[in-house]
Amino acid sequence: MARRRSSTPPPDDFEERILDVDVVDEMQGSFLEYAYSVIYSRALPDARDGMKPVHRRIVYQMNEMGLRPERGYVKCARVVGEVMGKLHPHGDSSIYDAMVRMAQPFSQRLPLVDGHGNFGSLDDMPAAMRYTEARMSGPAQLMVESIDEDTVDFAPNYDGQEQEPAVLPSAYPNLLVNGSSGIAVGMATNMPPHNLGEIVAAARHLIRYPNADLDALMRHVPGPDLPTGGRIIGLSGIRDAYANGRGTFKIRATVAVEDVTPRRKGLVVTELPFNVGPEKVISKIKDMVGSKKLQGIADVKDLTDREHGLRLVIEVKNGFNPEAVLEQLYKLTPMEESFGINNVALVDGQPLTLGLKELLEVYVDHRFEVVRRRSEFRRTKRRDRLHLVEGLLVALVDIDEVIAIIRASENAAQAKESLMERFSLSDVQTQYILDTPLRRLTRFDRIELESERDRLTEEIADLTRILESDTELRKLVSAELATVAKKYASPRRTLLLESADTPVTAVPLEVADDPCRVLLSSTGLLARTATGEELGDGGGKRAKHDVIVSAVPTTARADVGAVTSEGRLLRLSVIDLPILAPATTGPTLAGGAPLAEFLSLHDDERVLCLTTLDESSPGLALGTEQGVVKRVVPDYPANKDDLEVITLKEGDAVVGAVELHTGEEDLVFITDDAQLLRYPATQVRPQGRPAGGMAGIKLAEGAKVISFTAVDPAVDAVVFTVAKAEDTLEGPGEGTAKLTPFDQYPRKGRATGGVRCQRFLRGETGLLLAWAGPTPARAATASGSPAELPPKDPRRDGSGVPLAKPIATLAGPI
């Protein structure tokens, strides 16, 4: 490209000078200047106050604007404008970004800005600075405390019109408490936050014992304390960082395994690693599930709110071990992150990598210098004031002569010279006397001045003692640090672990197909026992409910069937059922979930029993309300979840169902008119599922079957009947109950009328409930609480005894 020549000729005395510069030297020099500017003026914090220039300028300017904690909030845009216009020669976005981070409690352990408005989250950007407001926090005020007492050096700003501090007084070790991160040229810093109380304790220990080793300091500072909590795994990397300034550790989320629904367990995350937001975790989980790299996750929900804080619920599919799924999440998602410590900070303008002791030493030395300069400043101020007070007291001793000298003088200069010569006063003292109004020269003012002189003398002596004694200086700095910690220290949030809590890598991902039992209670709750857990005998602590009416042995990954009053067999997946806590299972069910959570039942349809789906068993035996009996051939197709096991006549319903174990059991019908029929199951021919059964018992006119069971004749069994009394004006009658040995009832042929099992008393209208089965028999009320049984009555057709409370359910042993 041709150079465009100027149309204006050069002046006559113009002399052209061309310098030949090697491009390598020019690039090297320019790059070094740029690198130094980035390192010193932008990216790395000062080891004394832990701040980069932008943070220091924000805090200082907010203090200059009077935005103290007790004052009102102002728009962030106003603060950014003041900082940019007076101190920071960069764009407003960089200033506002730094200011926002200083206000985020999840970014800093001790926030320096008290924000009002939307300052963002780990997943969302903050609102624009025209919408948010801010003021200094209490800890920020400590950073600039006594800055106007010549405690730090000031330097010109970028245009030389303002002055800014080279470092802040920093009443606490901000670099260690809040940490820092930044990328410079050829180097970077990454420092984690720590607990204020622990850091102050270590600093005070170092003040008292300057030669303390790292082990002594780590007794006070065992590791970082991150704003978002979590768990630090592996402490060897932390020790390396504290020793030489570099190290690595892992941060894990805090997770608990909970029952998130009646059917599923879930992983509830309440704390995430530092600088990791829930949206990042959710996105990664969805990516891993979509690519088939992560198994066992059913759903992920973010239930985080302001009241409860972080709550990320990860639902685990049935059949998968939550602990093993959690291990996968640690490996494949940001729920476990590594943090590389790189303690690079500026010391006397030079970037150095510092260990814990060196960082504390730099801060403590800085604090010694701040307190020493502050004490010198205060002593000078008090000496100057004492000099004036002493001069005024000299004048008050002979005030009449002072007034006479002033009146006799021709002008102020002569009066000043005469007073200095007469009373041996300094120029400053004399001028102060001349400037003091006469109303200040009363007797009372003299007493006040003498009191002030004594106080100033004492304060000067104290300050001199601090300046002349290294021991006193150390005591003062240590006491001030203790005061800060007492006011702003908070409990540790991050848990430190030498290694992972449990070796979850050894846990299989999927739940093993181990033996268990599925339980059904009288009030319709379903549950399964823990793997290998046996049912108890009821000797332990009993729950409020529920009596178990059906229990079948199975395995954790198998299916069982639920037989209903409409003659349907519904398939249940065992792995979907809630697990009861070990050693709590007895004759009652403490827990479980309602049937409606697992089965779709019709109106007025009831589940009568549970059965295995073992096709090698003798099958099911069913009895209906109209006296039909059926043995079902065990044929349960695996691809069907809803099977018909009997074809019912119109108006009929199944009243009892039981799984036969040997095929040699006796089938027992009991009707509402107190007839009991018992005959061997071998008298009933097995039929296919669509069949309608055969005649089971001959019913009297108007009678119906209320109970159908199967009893092994080789075991001790009983017949339990409950008669219903006539309704009274006050309500339904309580009735009577009778418990009779089963062997008192003889076998009869199928489809006969049977024998009488209870004699009705006057006013009793029939049987309300009946049941036959092995001992011990159990009874429960409608709410599931146990009911007391009457004593055994050997009379086959005897009458019952009054009930203590109404009975709703009868059942045998489990």
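Looking at the stretch 186-195, can you tell me whether even one residue there is crowded, with 19+ Cβ neighbours inside 10 Å and over 26 Å from residue 52 (Cβ atoms)?
The first filter runs over the stretch 186-195 and keeps only residues crowded, with 19+ Cβ neighbours inside 10 Å, leaving 189, 191-195.
Those still in the list that are over 26 Å from residue 52 (Cβ atoms) too: none.
Within the stretch 186-195, not a single residue is crowded, with 19+ Cβ neighbours inside 10 Å and over 26 Å from residue 52 (Cβ atoms).
Just checking: which of the helices (runs of 4 or more DSSP H) contained wholly in the stretch 183-297 hold 1 or more residues that are touching a helix residue (DSSP H, G or I) at 6+ places or on another chain (Cβ under 6 Å) and within 19 Å of residue 109 (Cβ to Cβ)?
196-208, 214-218, 236-244
What about residue 160, is it more than 28 Å from residue 235 (Cα to Cα) and of a type in the set (Gly, Ala, Ser)? Before the answer, list the steps.
Details: more than 28 Å from residue 235 (Cα to Cα): yes; of a type in the set (Gly, Ala, Ser): yes.
Answer is yes for this residue.
Can residue 158 be described as touching a residue at least 40 places away in the same chain (Cβ under 8 Å), surrounded by 18 or more Cβ atoms within 10 Å (Cβ to Cβ) and of a type in the set (Phe, Trp, Tyr)? Give the derivation first.
Details: touching a residue at least 40 places away in the same chain (Cβ under 8 Å): yes; surrounded by 18 or more Cβ atoms within 10 Å (Cβ to Cβ): no; of a type in the set (Phe, Trp, Tyr): yes.
When the stated conditions are applied, residue 158 does not pass them.
Quick one: would you say residue 303 is free of Cβ contacts under 8 Å to residues at least 12 places away in the same chain, over 23 Å from residue 557 (Cβ atoms) and aliphatic (A, V, I, L, M)? Outline the logic, then answer.
On the way: free of Cβ contacts under 8 Å to residues at least 12 places away in the same chain: yes; over 23 Å from residue 557 (Cβ atoms): yes; aliphatic (A, V, I, L, M): yes.
Answer is yes for this residue.
How about the stretch 311-365: which strands (runs of 3 or more DSSP E) wholly inside it have at least 3 residues that are under 30 Å from residue 265 (Cβ atoms) and among the β-branched types (Val, Ile, Thr)?
Working: elements: 312-316, 336-342, 344-347, 350-353.
Strands (runs of 3 or more DSSP E) meeting the threshold: 312-316.
Looking only at residues that are in contact with a Leu (Cβ under 8 Å, 6 or more places away or on another chain) and among the hydrophobic types (A, V, I, L, M, F, W, C) in the stretch 59-87, which one is nearest to residue 355 (Cα to Cα)?
59
Scan the stretch 644-667 for residues that are buried (at least 19 other Cβ atoms within 10 Å of the Cβ) and within 24 Å of residue 615 (Cα to Cα) and report the count.
13
Contact list please: Cβ distance under 6 Å, first residue in the stretch 118-134 and without any contact (Cβ under 8 Å) to a residue 60 or more places away in the chain, second residue part of a strand (DSSP E or B) and surrounded by fewer than 21 Cβ atoms within 10 Å (Cβ to Cβ), pairs at least six apart or on different chains.
none
For residue 166, only one of the following conditions fails: (1) without any contact (Cβ under 8 Å) to a residue 60 or more places away in the chain; (2) in the same structural domain as residue 144 (by TED's automatic domain parsing); (3) within 17 Å of residue 336 (Cβ to Cβ). What is its number?
(3)
Checking residue 201 against (1) crowded, with 20+ Cβ neighbours inside 10 Å; (2) at pLDDT 95 or above, which test does it fail?
Just one mismatch for residue 201, condition (1).
I'm told residue 306 meets every condition in (1) under 24 Å from the mean Cα position of the chain (by Cα); (2) under 21 Å from residue 336 (Cβ atoms); (3) of a type outside the set (S, T, N, Q) except one. Can you identify the failing condition by its number?
Against the list (1) under 24 Å from the mean Cα position of the chain (by Cα); (2) under 21 Å from residue 336 (Cβ atoms); (3) of a type outside the set (S, T, N, Q), residue 306 comes up short only on (2).
Can you find even one residue in the stretch 647-654 that is at pLDDT below 90, of a type in the set (A, V, I, L, M) and out of contact with any His (no Cβ under 7 Å at 6 or more places or on another chain)?
The answer is no, given that none of the residues of the stretch 647-654 is at pLDDT below 90, of a type in the set (A, V, I, L, M) and out of contact with any His (no Cβ under 7 Å at 6 or more places or on another chain).
Inside the stretch 368-480, counting only helices (runs of 4 or more DSSP H) that do not spill past its ends, which hold 1 or more residues that are within 29 Å of residue 144 (Cβ to Cβ) and under 54 Å from the mean Cα position of the chain (by Cα)? Steps first, answer last, please.
Numbers: elements: 399-408, 412-423, 427-435, 443-468.
Because the criterion is at least 1 residues that are within 29 Å of residue 144 (Cβ to Cβ) and under 54 Å from the mean Cα position of the chain (by Cα), the helices (runs of 4 or more DSSP H) in the stretch 368-480 that meet it are 443-468.
In the stretch 210-231, what residues are crowded, with 21+ Cβ neighbours inside 10 Å and among the acidic types (Asp, Glu)?
The one that is crowded, with 21+ Cβ neighbours inside 10 Å and among the acidic types (Asp, Glu): 225.
Can you find even one residue in the stretch 307-326 that is in contact with a helix residue (DSSP H, G or I) (Cβ under 7 Å, 6 or more places away or on another chain), over 16 Å from residue 509 (Cβ atoms) and crowded, with 17+ Cβ neighbours inside 10 Å?
yes
Yes or no: residue 333 hydroxyl-bearing (Ser, Thr, Tyr), within 25 Å of residue 247 (Cβ to Cβ) and in contact with a helix residue (DSSP H, G or I) (Cβ under 7 Å, 6 or more places away or on another chain)? Explain how you work it out, then say what you get.
Numbers: hydroxyl-bearing (Ser, Thr, Tyr): yes; within 25 Å of residue 247 (Cβ to Cβ): yes; in contact with a helix residue (DSSP H, G or I) (Cβ under 7 Å, 6 or more places away or on another chain): yes.
Yes; evaluated as a whole, the condition is true for this residue.
Looking at the stretch 6-125, what helices (runs of 4 or more DSSP H) fall wholly within it and have at least 1 residues that are out of contact with any Lys or Arg (no Cβ under 6 Å at 6 or more places or on another chain), at pLDDT below 90 and within 26 Å of residue 349 (Cα to Cα)? Break it down stepwise before answering.
Numbers: elements: 23-38, 53-64, 76-86, 92-103.
So the answer is 23-38.
State yes or no: is residue 702 over 25 Å from residue 565 (Cβ atoms), surrounded by fewer than 22 Cβ atoms within 10 Å (Cβ to Cβ), among the small types (Gly, Ala, Ser) and out of contact with any Leu (no Cβ under 9 Å at 6 or more places or on another chain)? Let's see the steps before the verdict.
On the way: over 25 Å from residue 565 (Cβ atoms): no; surrounded by fewer than 22 Cβ atoms within 10 Å (Cβ to Cβ): yes; among the small types (Gly, Ala, Ser): yes; out of contact with any Leu (no Cβ under 9 Å at 6 or more places or on another chain): yes.
Judged against the criteria, residue 702 is not a match.
With 674, 714, 700 as the choices, which residue is under 27 Å from residue 806 (Cβ atoms), among the aliphatic types (A, V, I, L, M) and free of Cβ contacts under 8 Å to residues at least 60 places away in the same chain?
Working: 674 fails: free of Cβ contacts under 8 Å to residues at least 60 places away in the same chain; 714 fails: under 27 Å from residue 806 (Cβ atoms).
Sole residue among the options that is under 27 Å from residue 806 (Cβ atoms), among the aliphatic types (A, V, I, L, M) and free of Cβ contacts under 8 Å to residues at least 60 places away in the same chain: 700.
Yes/no matrix, rows are residues, columns are (1) of a type outside the set (Lys, Arg); (2) part of a loop (DSSP other than H, G, I, E, B); (3) under 22 Å from residue 550 (Cα atoms):
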site: 629; (1), (2), (3): yes, no, yes
site: 636; (1), (2), (3): yes, yes, yes
site: 639; (1), (2), (3): yes, yes, no
site: 646; (1), (2), (3): yes, yes, yes
site: 649; (1), (2), (3): no, yes, no
site: 663; (1), (2), (3): yes, yes, yes
site: 676; (1), (2), (3): yes, no, no
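The values are calculated or read from the model by the stated rules, or taken from the named source; none is laboratory data. What you are looking at is a predicted structure, and each value in this text was computed from that prediction instead of being measured. Neighbour counts are summed over all protein chains in view; Cβ atoms, including those assigned to glycine, are modelled from backbone coordinates with ideal geometry.
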